[in-house]
DNA sequence: ATGAACCTTCCAGCAACTGGAAGGTCAAGC
DNA sequence: GCTTGACCTTCCAGTTGCTGGAAGGTTCAT
């Protein structure tokens with residue numbers, strides 16, 4: 001199948017698929033006309049990539065996961081470890097964003113939002129912010 | 001003051017400060033030796049940038065905020081709007097990350113984590129995942 | 001006077017794509 | 001059989017927000 005169809009079936013943009021080929025993630029065969037030809041197994045791998053990228057794995061981590069996925073002798077403990085590290089990272093991101101959210105919300109509430117030039121948001125951005133020295 | 005001191009006082013790396021100058025965010029004067037010379041107002045702006053970047057505003061948004069900050073006739077409603085948009089974006093990110101976290105946690109729990117090759121994580125990454133078609 | 005610790009500019013690269021130009025191919029409709 | 005338009009190809013450049021390094025100038029303490 002052509003790249004367009006592979007894109008439709010995997011949920012990735014054609015450009016992205018070509019990029020994944022550039023960096024050596026998947027290697028489709030080529031037809032006589034030079035067009036890339038994707039087999040079902042290729043599409044499976046593309047979906048795999050689409051999912052794992054969507055779950056926050058970096059492309060390098062996806063490469064590892066793909067290798068583990070293709071290696072029938074792999075240990076599932078490796079995969080579990082990778083996933084758990086990712087989980088911790090996601091928790092950290094959520095914590096950071098939540099703190100940030102609290103600060104911004106405070107700023108929005110403190111701001112009267114009218115047409116006068118005084119603005120607590122800008123003042124706090126320049127002088128300091130709540131709960132911080 | 002030299003760039004190193006400005007860096008210390010603003011919490012930004014010297015490289016970052018030069019970059020901000022490159023893209024036209026701040027313009028320090030120069031001494032006879034060619035060294036950048038930062039006044040206190042420059043350091044204030046740098047701190048302002050450091051803070052707003054840390055709060056998740058993009059550099060372009062920081063440029064807007066800085067313009068508003070410097071413009072005595074600005075309306076605080078503008079700032080409030082920018083901040084509220086940012087808040088909504090942060091909420092969206094938190095929601096996404098929370099969903100992602102749920103999925104990954106399910107995967108970790110489903111994986112026995114031993115040395116046998118079967119691994120539910122990889123299977124779900126390739127075939128679909130819980131709560132999703 | 002020598003060495004370290006600054007400072008300068010410029011060039012290159014990171015992730016992970018995305019956009020666009022210039023051109024080849026294919027399938028449908030007239 | 002010819003055109004039209006949608007596809008496909010490669011390559012080059014840009015995005016965001018820096019960061020690293022090279023090659024060289026300056027300043028300061030010893």
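Please treat every number below as a calculation from the coordinates, not as lab data. Since we're looking at a predicted model, the values are computed, not measured. Glycine gets a Cβ as well: all are built from the backbone with ideal geometry, and neighbour counts include every protein chain shown.
Descriptive notes on the structure:
- Test set (1) farther than 25 Å from residue B:93 by Cα; (2) within 16 Å of DNA strand C (Cβ to nearest atom) - residue A:93 fails condition number: (1)
- Annotation: of all residues in region B:6-33 being more than 12 Å from DNA strand D (Cβ to nearest atom) and more than 14 Å from chain A (Cβ to nearest Cβ), the one that is nearest to residue B:59 (Cα to Cα) is B:24.
- Residue ID - farthest from the other protein chains (Cβ to nearest Cβ), chosen from residues in region B:51-62 that are more than 9 Å from DNA strand D (Cβ to nearest atom) and in a helix (DSSP H, G or I): B:54
- Meets criteria (assigned to a loop (DSSP other than H, G, I, E, B) and at negative phi) for residue B:27: yes
- Hits in region B:10-37 - residues which are over 16 Å from residue B:66 (Cα atoms), more than 9 Å from DNA strand C (Cβ to nearest atom) and surrounded by 17 or more Cβ atoms within 10 Å (Cβ to Cβ): B:12
- Count of residues meeting criterion [part of a helix (DSSP H, G or I) and either within 14 Å of the chain's Cα centre (by Cα) or within 7 Å of chain B (Cβ to nearest Cβ) (or both)] in region A:66-86: 9
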